[in-house]
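Okay, structure first, notes after.
The values are calculated or read from the model by the stated rules, or taken from the named source; none is laboratory data. Since this is a predicted model, take the numbers as computed values, not measurements. A quick note on method: Cβ atoms are made from the backbone with ideal geometry, for glycine too, and the neighbour counts reach across all protein chains shown. Surface accessibility is based on the protein's heavy atoms, side chains included, excluding ligands, DNA and RNA. Shrake-Rupley method; radii C 1.70, N 1.55, O 1.52, S 1.80 Å.
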Amino acid sequence: MTWTAEEFPGVEWVEGSGDFIRFDPDRCSACARCVKVCLGDCFEIAEKKARVKSLEKCLECGACWFACTDGAIDFSWPPGGKGYRSLWG
Ligand code: SF4
Ligand code: SF4
């Protein structure tokens, strides 16, 4: 459990496992789209490349994969993972 109820009220977290985000720095143009779309604050730009800072708060949403038009991010839904699930339906 990486999100607390205080940080994300009304949400139950079902965390997945495995290498579900793969990053190819050779394809990264440092456009920072992944940084902007990621609600989990998982990416940062350093030395003119993106890098995964931490996946602790990754929502398993795949937005970084969609946003990266350079093909530097590959994403698959993790085994057992459901990301977040709203308790309000
Ligand atoms: S969106 Fe893709 S190309 Fe742009 S900074 Fe992120 S990983 Fe690099
Ligand atoms: S899957 Fe979603 S939360 Fe996880 S790193 Fe990508 S954009 Fe961020």
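Worth a mention:
- Scan of segment 22-37 for residues that are modelled with pLDDT under 95 and touching a Lys or Arg at 6+ places or on another chain (Cβ under 9 Å), ordered by number: PHE23, PRO25
- Segment 34-55, residues that are near ligand 2 (Cβ under 10 Å from one of its atoms) and open to solvent by 50 Å² or more (accessible area, probe 1.4 Å): VAL35, LYS36, VAL37, LEU39, ASP41, VAL52, LYS53, LEU55
- Selection within segment 6-19: residues that are among the small types (Gly, Ala, Ser) and exposed (fewer than 12 other Cβ atoms within 10 Å of the Cβ). The member of this set that is nearest to ligand 1 (Cβ to nearest atom) is GLY18.
- Among (1) within 16 Å of SER76 (Cβ to Cβ); (2) open to solvent by less than 40 Å² (accessible area, probe 1.4 Å) - the single one ARG22 does not satisfy: (2)
- Subset of segment 64-82 that is farther than 11 Å from PHE23 by Cβ and more than 10 Å from ligand 1 (Cβ to nearest atom) - its residue that is surrounded by the most Cβ atoms within 10 Å (Cβ to Cβ): PRO78
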